[in-house]
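The values are calculated or read from the model by the stated rules, or taken from the named source; none is laboratory data. If you're wondering where the values come from, they're calculated on a predicted model, not measured in any experiment. So basically every Cβ, Gly included, is an ideal-geometry build from the backbone, and we count neighbours across all protein chains shown. Please note that ligands, DNA and RNA were not included when accessible areas were found on the heavy atoms of the full protein model with its side chains. Shrake-Rupley method; radii C 1.70, N 1.55, O 1.52, S 1.80 Å.
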Amino acid sequence: MTLTDRLTAPLLPSMGLLSEGQVRGGVCVFCGSVATVDLGRHDMKCLGAVISWFPRACRPCVDGGYVDHLITAATSACQDLLLPEQLADLYRRLQHEVRRRLPLAERAASVAVQGTMSYHAHQRVVDAATDALTDAADDSEPSPLVLAMRCHELGRRLHDLVPYRPCGDS
């Protein structure tokens, strides 16, 4: 997997938070349903050694449905109040997915005729997503409640960015 592929592909959940079935590849790494699609080899460092694992996903998640799972988890983060490491993992995956889609929204705004409703709609999405991404710049270790609120906001911004599908998404 090239660096570009790695930067533009969906971010896998942290391996330490996955079930045994998700680590083994029996169930989808994103949603936990029956896995049918191989996501390729992924290497990670563990105690100084490089470990390879081969995650798998279900067809709906590969076709972009994992975004629905991220949005659902984000919008319920304040109600469910997940463990801090689960919140941090969700926040990283939300940030990654918003960053994947933001250039497409920026491109759509740049080609729209300035002053039109289309231009302003694209620009609103870009501005809101950018604000949500920069919100955490000054706080390195937020409380779980603050992190849950940030996840919720990023989930709202990701919902706005759903129409902007990155290359490779169907």
statement: Here, V34 and T116, labelled 7 Å along Cα→Cβ, have an inter-label distance in nm of 4.6
- request: Kindly sort V34, V162, V67 by accessible area of their heavy atoms, largest first, with the probe set to 1.4 Å.
  value: V34, V162, V67
message: Just to confirm, what accessible area per residue do you get for the chain at 1.4 Å probe, in whole Å²?
response: 57
message: How large is the Kirkwood hydrodynamic radius of region 87-157, counting all unique pairs of alpha carbons, in Å?
response: 12.9
message: Please list, in order, the residues from region 7-36 whose amide nitrogen is less than 16 Å from a point placed 7 Å along the Cα→Cβ vector of R99.
response: 7-14
- prompt: With each pseudo-label sitting 7 Å past Cα toward Cβ, what's the R59-T75 distance in nm, one decimal?
  reply: 2.6
Top of Q114, Q86, Q95 by mean-square fluctuation, Gaussian network on the chain, Cα under 10 Å: Q114
query: Can you give the translational diffusion coefficient of region 28-161 in µm²/s, computed by Stokes-Einstein from the Kirkwood radius over Cα pairs at 25 °C and 0.890 mPa s?
result: 148
task: Sort R157, R124 by accessible area with a 1.4 Å probe, largest first.
output: R124, R157
